[in-house]
Each structure stands twice: as structure tokens, then as C-alpha cells.
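In what follows, a structure is listed as C-alpha cells, so that the remarks can point back to it.
What follows is calculated from the coordinates using simple rules that are stated; it is not laboratory data. Computed from a predicted structure; not experimentally measured. As a convention, Cβ positions derive from the backbone with ideal geometry for all residues, glycine included, and neighbour counts pool all protein chains shown.
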Amino acid sequence: MSTYWKANQRRLAPWLFLAPGMAMFAIYVIIPIFQSMWISFYDWDGLGDAVWIGTANYVELVDDPEFYTSFKNNLIWLFLYLLAVPAGLLIAIFLNQNVRGIRLYKSLFFFPFVISQVVVGLIFTWFYAPGFGPIYLLTEWIFGQGTAILADDRYVTYGIIAAGLWPQIAYVMILYLTGLNNVAPDQVEAARLDGAKGWRMLWYVILPQLRPATFIAVVVTVIGALRSFDLVSIMTAGGPYGSSRVLSYYMYEQALSEYGYRMGYGAAIAVVLFGIMMVFISGFIWKMWRDETER
Amino acid sequence: MVHLKKGALALTAALLMSTSAYAQDKRVLNYYADFDPIPLAAFEALITDFETANPEVDVVLQNFDHEGYKTAIRNFLTTDSPDLANWYAGNRMAPFVNAGQFQDVSDVWEANGLSDALASAKASMTIEGKQYGVPYTYYQWGIYFNKDAYKAAGIEVPGPEGVNWDTFVANCEKFKAANIDCLTTGTKALWPGAGIFDYMSLRTNGYEWHMDLTAGKIAWTDQKVRDVFAQWAKVQPYITANHAALEWEDAAALMVQGKAANYVMGNFAVGNFKQGGMTNDNLGFMVFPEITPGLPRAEEAPTDTIHIPSGAKNVDDAKLFLAFVADAAVQTKLNAALSQLPTNKNSTVPADDPFLVAGFESLSSAYALAQFFDRDAPAEMAKAGMEGFQEFMVKPENLDAILERLESVRAKAYE
Amino acid sequence: MFPRPIEQTSRATQIMYKIALPVALFLWLMPLLGIAVTSLRPPADLAQGNYFGIPSSIAFSNYADVFRNSDLARYILNSFMLTIPVVIGAVGLSCLTGYALGIYKFKSNLLIFFLFVAGNFVPFQILMVPVRDLTYDMGLIDTTTGLALFHIAFQTGFCTLFMRNFIKALPFELIEAARVEGVSEVRIFWYIVLPLMRPAIAALSVLIFTFIWNDYFWATVLTTSREAQPITAGLNSLKGQWVASWHLFSAGSIIAALPPVAIFFLMQRHFIAGLTLGAVK
């Protein structure tokens, strides 16, 4: 037996190393995905019996105006959350100097990412609050009449996205700071001798070298935008009257919240959200595969 | 001796209990609850009294936090069921009753004459003729107002019997002239708006109609529903702007500061008003104004209840406990500590709390008691309804679209 | 070095920059200051609507009260009892899986790698109901163990991506040399590669600690009682049935934020080094 192992260990070893990780992952991630898809074909309140209803949940979803509101909000999140990428880059460039204490500054700028999103949501809720919130008072000062962002169905999603951008920009900033550390100094010197500076330098010399950092930054930002549950839950609970709802929150509302006893319907929403994310995930995987096979 | 489970302490206590021969003679009652600190203290006292009256029984209370309990109950009713559990009445208990997870306790009601003593709360504990729990407290809803704000606007301060609707609306005009919000509310959590709707509905069309509406028997596009909203539209312009971003406590702060005059709220808010600095001198209470003249006056009185899960092991002692909690004297003592109202009509309230006295008056002389929209209507309808009420208060011009949407939810929610 | 090093610009620009730094930091961290101030407000202030004005008094007692009025100490303990095993478990498993996928060439290598990556990006909601049911059936609902098991499994995806990229960048000659000398695969892993992975392990541990400590969604789905709830979900207990004690909530939030911040400051160097080598490759 041990000779078999000695002879074949190079072939068998990877599977040995992979086994525990793959097992956990399969049980807790891969299989549940299929289970959720299965549940979406049932009508189940989570307490009693599940009743098979086929695709009825999906049919209902198509006619559900709340679904479209959530979907629209997810799209808004997707596009605006990407502002974190250039914003993070700009702050990284701003901090990429060697003055005294810059390391402390870099760490402190990263702070928002280290705090729980629950706390971020709470503090921004108070900032927007009508009557006493600084941002509300600011709108009152500028426009004459105060705007309570979280009470207005036109602006509420944007208000929540702004809150989410705060920690996300910090995250992207760190990614770019480390990326900037890896920029080849000789290329920069050569370009500088050629007279490149400012925006031209950034666009033609620096950004191409930052491509891996940009890729990761976009990936985590897109995933974060589609996942945005914590902030919506804390700041508005989907309100006012459902106008800031996103798919991840809608699913939770339908399946597990105080007034939500519809597990099957919630699962259907989750499957749709999963489908949307698979589009992006496949895109990323494809890009990674291309990079891998090019090597 | 009340045992309060708290992590390691519980383990030690359990070990001590199991090794003590004396303790082994006692029968154990497991009780899961979600009390805030003050009610918790009140209940610990009640449990001590129960154990004194029933020395062979030991009640072990496990207390959850209020929000976590709402999810926890869905778990523990199936896995690790206690003998007693807190919950609410009306349609809030329906999912569990229909799934067979709460036990029928009609025998406790029979044996202790509760159908008479707890008459006003009986309907909300009954599904298909059987009772599924025992109510131990409720609290009144009504209009709390800032007397100083009334004086600042030059309006006569109302007494507890309130004013009629036309007077109320006229007063709103005067408040507006004095730059005070006539009515304030904070609908971020949605339910405060439902309180206003319920009263509009009860006062415009009456108790039976309102119950039919929440039971799904009336279409939301019906003219009578529009009548309710038409009345509501009269005060809508005088409601605090941006209430959709306010928690109910923030709106309470407005009333404390005198920036708002009236607040449709439950009696639990009094603690909050007083913490902000209001006193019995400037805080007033009145019943909601009469809108349609001649309608018998119904009130909102959300009820807190105790149930026996179907998976309970010690059913006999649990029923003893329920009977104990329903007793008049026990309820008097309990509710004095809770600052709420006993559901037993033979109980009494402390005479020095003007709000409890007014509330007791209001509820005992009420024609009937509603449970609050999110307990009278099934969950899905409740959620959609409350969102609709919030939207109406922000954008009254959307009424047609709102009613259409509620009607389509009604078609699905009442299967 | 990009942008132009500040030493090479005019004196005026240098001074402006040195002033701009603290100003920018203050603006950036203003929300944090907001929470800190609220945590020191007496509750009467909040009941009167005074959230951002001058506090009527400095209520240091809030920090003591939050421990007295709630089980904050228990929640913090739960958070540690959750986070530390998860960090050990996830990082440990991913050392193994990352090694397997980074060193060995076999047909399904890339496929399995992408499975880990894709699985890590799925929305939580699609896992919510089945994972909750699974944890239920295993009798682990409302336990730290149940929550920890899920997190270990889920974070293995992200950690595998991180480790595998890191390991791929290591010099393969070391392993080849060891193989030539007849060292067994397991010993190669343990004695040669693992020590080289230290910066990545440090960086990943900090990241995972932060993620798990701050997780809110799964804490609320899988745990409900104070015996098991970590601090993110436990803070919700400060929102009682009727009155939310915002001053206590803020104090609790500041206390809750301290461990990840402390760990971050202590492990900064490893963290940044690890990010450089692991993810941005």
C-alpha cells in the first residue's frame, strides 16, 4: 500500500489536498444552489408542507411590479457603484507620496472598510435625517428647501449608494495603492524624460500597468453592488414603500422577514439574481481563463 | 426562584440542579419570551408568584431580544419546543395555528370562565371557534398631543373625550398658520402609518366593515375604501413632511419640541415623551375623533399573548400557568408594572397614571377592539397595505394606482 | 514613481499638500466622528432630537451602560469564538487547496479552480434557505459552530483564489529540487512551501477576520439567541421593542469596531504585502 502511494503520490496528492476544501464547498455552496432552484418550484411557508406548483412562482414574478423596481435598482447600483473604481484610484494617487506619516494616513483612509456595514448605514441615515442631519441641512442651505433623501423615492437609492461608496472606495484605494507600488519605475522615468506628464502619463503609462488591480477592483465592486443587502436593510428596509428595494433584499423579505412566509417565491427571486450574477461571473471567469492559458 | 438562562451561568445552574435531589422533585416549565427590560422584571415577579402558588413547578425563562425572537420562533417551534412561548394575537398567530404549531387551549378558557373575563380580547384569540393562547396585556392607541403647542396656536386644549373630525381638521389649519405640524408620524418602519389608517377606517365605516376589509372580503377599489382615503386626504397636507425617513421616535422628538401637535400612537410612547421632557401637565391624550356620526366607537388595542407550542412536554403545568396569567389580580399587578392595561375586565388600573386611566376608560367602554392592521390582516396583505398607506401620505395623487395594487395583492394573499 | 514625487515640486505645492492631507482625512472620517459623538450623548438629548448639536453633557456612562443593559460582553465573546476558528479553518483549508491547484498539473485543475472562484461570487440569498435547513437538520441552528462551518466553507472559495495565485508565483525550482531528492509530497508542502506562504497567510487572516467579524446577513439568518449571536446581529438587541437606544447602539458599534481595527493596525505590513503578492497578480 505504501509503495503504491510512493509510486503514485504525485498523481494522488492533489486530490488529497483538495478533498476537505472541496467537500465543505460542495456541501455548503454548490449543492445549496441546486436546492434553491428546486425549492423555487414549490409553494412553501417554511413551517408546514411544501406544495409543488411548477413554474408558477416565475410566472408571478414576471407580473410583479416590485420585482421590476428591485431589478431597476440593482442596475442603478451596478453602474453607480463602479464610481468607486476611479474614485479609489484618485485617492490612491493622492496618497502615493513619501511624506512623513503617510503610512498612518493610508491606514486611516482605509478605516471605513474595516467597520461593519451596519454602522455605516446607521451613521449615513442620521446624516440624511430631516431636521437635524448635516446633509439635509446642507440641501436646505443650498436649495432653500431641505430634501430628506431617504424619504424621497426619487433619490433614496442614490443616497444608499453614496453610503455604500464610502467603504468601497477605501477598498479600491488599497488595491490601487499596492498596484502603484508595483509600477515599473524605469518605464515612468523613461516616459518622463520623453516629456509625458499629468493625464497623458496616467493614461498611457500607468493605467496599463494597473490592469490587474483594475480587474480585481471591478470584480469586487460589481459583486458588492449586486450583493448590497446590509445597507438597504439598515437604512430603509426597502422603503419608502419599496422604492429602494433590491433583489437581494426582496428575496429575504419574501422568505424570512416578519411578514414574509413565502420560501418558494423567495427562492425564485434568488434564482433570478443568481442568473444575473452568473452573466458577470462567466465574464470574469472567461477573462481569467484567457489570462491563464496565455501564460 | 426564577432561573434566567445566561450562557455559562445556565450550564452551572443546570449542573447544580441535576445533582440536587431536592431540585429533582420539581416539574420544569420552559418559557421562551422576548421581553424588554421593564416587562422582563415584571414577569420575573409574576413567575415568582406563580412558583409560590405552585411549589412543585419550576419555571425556566429564556429571554430573547425582540427582533431576534421573530426569527427564532420559526426555528424553535419545530426543533426545540418550549412549553410556553410569547407571541401576538389575530392574524399574526394564524401561520403557526394553521401549521398546527400552537395548541388549542379552549379548555383553559372554558374551565376558568375566560370567555367572560377576557371578553374584549376573545375574538382575536379565536380561530374557527377555538382559542389558541391567553392574552395578558394590551395598550390603547389614540391621539397624544402637546398642550403647549395647542396654546401656542391659540386653540382650545381638548379633553380625553376628544373633538369631532371637523373641529380637528379646522384646528389643523390653525396649526399650519402657527408653523406647527398638526399631525406627526414616523413611517420608516411602516406600522405607525397603519395606525392612522385603522382609525380612519374604523371611524368612517365602522368596526364590522374594517374587520371585513382586513379579512379580505372587501375590494380595495370599493367606494367605501375611497371614502376612508377621502377623509384621510383632509389631514394629509398637515402631516410632517419627510415622515418616510423618520423613525417613530424621531417624530416623537418633534412633538416633544413643540414642532408638532398631535401624534396617533400607542401608550408605550408615553415613556419616550417623558424622557424627552414632557410631563403630565403638557402631555395630553384623547380618543380619535368621530368622523361618521353615530358609529359605535371601536378602538385599537394590540394584544400580547402567551401560547403553548404543540411540541410542549409539560402541557398540564403550562395550562396552569396560562390560567394564572389570566387571573384578574395577577393581571392588575402585572400591568401596573408594565404601565399597560389588563385584558381581564375585573382587574384595576393605578389611579395616578392619567394615561392608563384614560386608556382603561377608552377600551372598557369601546364597542369592539381591533388588533392593528399588521395583526388583523395576513402577512402579505399587511406588508403591501402598510406600504400603500405610506405612499398615500407622501403622494396622495397616486391613490388609484395604490388601490389597484392592493386589490391585486388581496387576490393572492387570502387563499 | 507616479505621481511626481512631492519633493520635486515647488515649496508652495509641498505645503499645500501637507495641509490637504489632514483636511482630506478629516472630511473622509467625518461619519466616524459622528458615531463617536453620538456614543457620548445622554439619551435625553436624542429624545429631544439633538443628534448633531452640542451634547448637553458627555455621557461616558454610555459605555458602561451598554455592557450593563445588554449582553455586549457575551456578543463580543461569541464574535471571537466565531471568527478565530473560521480564520484558522478557511485559511488552513485554502493552503491545501491552493497548493493543489497551484503546483500540480492535472486535467480538471482549471475547472475546479473556476468552480471555487464562481462559487465565492454567488449572491448569499441563493444559499440562504438550503443552508438554513441544512444547519437545522444538523441540529446546529443558533450555534456558533453552525455559523462557523458555513463561513469556513464559503470563504474557502475566496481564500483558494488568493492562495493559488500566490503559490503560482513561488519559485518552482525549490519543489523540483526537493522532488529530485525523493522528498514526499506531503513533506514538501509542510516543510518547504508552507513557510514561504507566511505573508499570504497573514494577509488573508486579517482579511477573513474582518469579513467574518463584520458579517451581518448570515449572523441574523443562522443565529438568534444571545448564546450564539455575534456582535453584528447582537447590536440589534439594543433596538428594543419600542425604543431604539441609539446612544448605546453607537457606543456598542465603536466597541464592536475595535478588534478588526486593532488587528488591521498590528498586521498592516503583512496585509499590504500579502495583497500585493496574492490578489494583484
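Nearest 10 degrees, 0 to 90: what angle lies between the long axis of helix B:191-205 and the longest principal axis of chain B (Cα atoms)?
70 degrees
Go through the protein assembly as shown and flag any cysteine with no other cysteine's C-beta closer than 4.7 Å, please.
Unpaired cysteines in the protein assembly as shown: C:Cys95, C:Cys159.
Near A:Gly146, within a Cβ-to-Cβ distance under 13 Å, what is the net charge of the other residues, with Lys and Arg +1 and Asp and Glu -1?
Neighbour charge sum, excluding A:Gly146 itself: -2.
Under 5 Å between amide H atoms, partner at least 5 residues away or on a different chain: which partners does B:Asp58 have, H built in plane at 1.01 Å?
B:Arg27, B:Val28, B:Leu29
Any chance you could give the angle, 0 to 90 degrees and rounded to 10, that helix C:109-121 forms with the longest Cα principal axis of chain C?
10 degrees
What number comes out for the charge environment of B:Gly271, summing +1 per Lys or Arg and -1 per Asp or Glu over other residues with Cβ under 12 Å away? Spell out each step's value before the answer.
Details: positive: B:Lys274; negative: B:Asp36, B:Glu249, B:Asp353.
Around B:Gly271, the surrounding residues sum to -2.
Expressed as a whole number of Å, what is the distance separating the alpha-carbon centroids of region A:113-145 and region A:1-20?
What the calculation gives is 58 Å, centre to centre.
Counting DSSP beta bridges in the protein assembly as shown, what percent are antiparallel, to the nearest 5?
Percentage antiparallel, nearest 5: 55.
Mean separation of Cα pairs under 8 Å and 6+ residues apart, divided by the residue count of chain B: what relative contact order is that in percent?
Working: 721 pairs, mean separation 105.2, N = 415.
The normalised contact order for chain B reaches 25 percent.
Roughly how crowded by other chains is peptide C:141-149, in terms of the mean Cβ count from those chains within 10 Å of each of its Cβ atoms?
2
What ranking do A:173-181, A:103-111 get when scored by the average of other Cβ atoms within 10 Å per residue, highest first?
A:173-181, A:103-111
Give the shape of chain C as rounded, prolate or oblate, defined through the alpha-carbon gyration tensor: a ≥ b ≥ c are the square roots of its eigenvalues, a/c under 1.5 means rounded, and otherwise the shape is prolate if a/b is larger than b/c and oblate if not.
Judged from the Cα gyration tensor, chain C comes out oblate (a/c at least 1.5, b/c at or above a/b).
Which entries in the list B:Lys259/B:Lys383; B:Lys122/B:Lys333; B:Lys274/B:Lys395 go over 26 Å, if you measure between the two C-alpha atoms of each?
On the way: B:Lys259/B:Lys383 30 Å; B:Lys122/B:Lys333 21 Å; B:Lys274/B:Lys395 33 Å.
As for pairs spanning more than 26 Å Cα to Cα, those are B:Lys259/B:Lys383; B:Lys274/B:Lys395.
Let me confirm one metric for peptide C:100-106, namely the mean number of other chain beta-carbon atoms within 10 Å of its residues' beta-carbons.
Partner-chain Cβ atoms within 10 Å, mean over residues of C:100-106: 4.
Cβ neighbours within 10 Å, averaged per peptide: list C:152-161, A:235-244, B:304-313, C:106-115 in order, most packed at the top.
In descending order of packing, they fall as C:152-161, A:235-244, B:304-313, C:106-115.
Any chance you could give the angle, 0 to 90 degrees and rounded to 10, that helix B:223-235 forms with the longest Cα principal axis of chain B?
Once rounded, one gets 70 degrees.
For region C:1-67, calculate the relative contact order in percent as a whole number, restricting contacts to Cα pairs under 8 Å that are 6 or more residues apart.
That works out to 23 percent.
Specify the residue with the greatest mean-square fluctuation among C:Leu25, C:Leu33, C:Leu140, computed from a Gaussian network of chain C linking alpha-carbon atoms under 10 Å apart.
Most flexible of the set in this elastic network: C:Leu25.
Averaged over B:248-256, how many beta carbons belonging to a partner chain fall within 10 Å of each residue's beta carbon?
Taking the mean over all residues of the peptide, I get 5.
Please compute the net charge surrounding A:Asn57, taking Lys and Arg as +1 and Asp and Glu as -1 over other residues with Cβ under 12 Å from its Cβ.
Here the charged neighbours net out to -2.
Straight distance only, please: which aspartates and glutamates reach the Cα of B:Lys313 with their own Cα at less than 20 Å, same-chain residues fewer than 8 apart left out?
In chain and number order, the partners are B:Asp25, B:Glu51, B:Glu56, B:Asp58, B:Asp80, B:Asp83, B:Asp104, B:Asp107.
Please check: in the Gaussian network model of chain B (C-alpha springs, under 10 Å), which one of B:Ala170, B:Ala241, B:Ala119 has the largest mean-square fluctuation.
B:Ala170
List the pairs from B:Lys188/B:Lys234; B:Lys130/B:Lys319; B:Lys151/B:Lys176 whose alpha-carbon separation is above 19 Å, in the order I gave them.
B:Lys188/B:Lys234
Mind checking which of A:Arg154, A:Arg227, A:Arg100 has the largest fluctuation in a GNM of chain A, springs on alpha carbons under 10 Å?
Result for chain A, Cα springs under 10 Å: A:Arg100 fluctuates most.
Among the complete DSSP H segments of chain A, which ones combine at least 20 Å of alpha-carbon extent along their axis with a mean Kyte-Doolittle hydropathy of 1.0 or more? Provide the component values of the computation, followed by the final result.
Numbers: long enough: A:2-25 (31 Å, 0.00); A:65-81 (24 Å, 0.19); A:156-181 (38 Å, 1.27); A:211-227 (24 Å, 1.49); A:263-294 (44 Å, 0.96).
Helices passing the filter in chain A: A:156-181, A:211-227.
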